[in-house]
Amino acid sequence: MLTVNALAAADQLVIPVQAQYLSAKGLEQLLQTVSKVRRQINPKLNIDGILLTMVDNRTNYAKDISNLIRETYGSKLKVYKTEIPHSVRAAEISAEGKSIYAHDPKGKVAEAYRELTKEVLKNERARKHSIDQLR
């Protein structure tokens with residue numbers, strides 16, 4: 001119910017997906033829920049993109065799942081180029097109640113989130129420019 005309420009109140013949605021098989025399967029179910037919320041409650045809900053998280057590019061498994069998600073959904077939805085890498089230091093922050101920028105500001109995860117922010121802002125500017133062109 002919390003998911004449906006959040007989707008009902010949202011305008012845009014970023015879907016974080018771990019680079020693991022069960023997470024990829026859960027993505028299918030979430031997209032079905034989003035579709036249903038759009039039809040019945042919130043027609044203005046837009047998916048901004050899919051964000052791959054906890055990606056361990058040292059393993060073929062993570063690479064395969066990332067590629068699978070990009071191939072399966074990339075033609076219909078934006079899959080961010082930026083991937084958030086797996087990091088033990090990032091996992092520690094939930095216990096500390098700090099942001100990644102306070103805990104490990106120069107680490108690979110903080111840098112990946114900076115890159116994601118740039119990518120999201122660039123996409124938002126492009127989207128607004130497209131809307132202005134239509135007017």
## Note on the structure
Exception for residue 50 within (1) outside any strand (DSSP E or B); (2) assigned by TED's automatic domain parsing to the domain that holds residue 13; (3) among the aliphatic types (A, V, I, L, M); (4) under 28 Å from residue 8 (Cβ atoms) falls at (1)
### Task
Identify the residue in segment 51-96 that is over 23 Å from residue 126 (Cα atoms) and of a type in the set (Gly, Ala, Ser) and, among all such residues, is modelled with the lowest pLDDT.
94
### Query
Which condition number in (1) assigned to a loop (DSSP other than H, G, I, E, B); (2) under 30 Å from residue 92 (Cα atoms); (3) not polar (S, T, N, Q) is the one that residue 44 fails?
(2)
### Query
Counting only residues that are of a type in the set (Gly, Ala, Ser) and within 14 Å of the chain's Cα centre (by Cα), how many does segment 101-135 have?
1
### Message
Of the conditions (1) surrounded by 15 or more Cβ atoms within 10 Å (Cβ to Cβ); (2) in contact (Cβ under 8 Å) with a residue 60 or more places away in the chain; (3) not in a helix (DSSP H, G or I), residue 14 satisfies every one except a single condition; which number is it?
### Response
(1)
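The values are calculated or read from the model by the stated rules, or taken from the named source; none is laboratory data. These numbers were taken from a predicted model, which means no experiment stands behind them. In this analysis, Cβ positions are derived from the backbone assuming ideal geometry, glycine residues included, and neighbour counts consider all displayed protein chains.
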